[in-house]
Amino acid sequence: MKTASLTSDVQYHETRPTIQVLLETENGKEIRIAFKKGQVMKEHKTPFAIVVEIFEGGIDFGVNGEVLNLVKGDLVSLDGGVPHDLTAVKDSIVRLSLNKADSAKRVEDVANKS
């Protein structure tokens, strides 16, 4: 058994989203992305399907030319290869569920280049 918390030891970076792997299992990875209001993850794609949960705050989630205004409790799933971007409309905690074959470093690279 493994445990983790989406709210313990949350760290916000001043200029970009903060990425932290919370759990890694035989099936996937659970990642926390902490955004300060106004921070962005520029358009990018994932090689595998993902699920995004807004745990706290609010995110403008751009996909296919549409912007979804996601708030606490909202979930969105995307197939791999779909371009998307995220903009925090307030300080936010986002849970990202990744396929086991995907890389947390890839997510960090997106945040660092945004």
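Nothing in this text is a laboratory measurement; each read-out follows from the coordinates by a stated rule. Since the model is a prediction, treat every value here as computed from it, not as a measurement. FYI the Cβ positions are ideal-geometry reconstructions off the backbone, even for glycines, and counts take in every protein chain you see.
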When N is the residue count of the chain, what does its C-alpha Rg come to as a fraction of 2.2 N^0.38 Å? 0.97
Non-local residues with an amide H under 5 Å from the amide H of residue 23, with H modelled 1.01 Å from N and Pro and chain starts lacking one, are 30
Karplus (6.51, -1.76, 1.60) ³J(HN,Hα), θ = phi - 60°, over segment 60-76, in Hz, Gly and Pro reported as x: 8, 10, x, 7, 6, x, 10, 10, 9, 8, 8, 10, 2, x, 6, 10, 9
Most positive-pole-ward Cα, 15, 83, 99, against dipole of the chain from beta carbon charges: 15
Taking segment 1-45, which trypsin sites (Lys or Arg not before Pro) meet the DSSP loop condition and have no more than 10 other C-beta atoms within 10 Å? 2
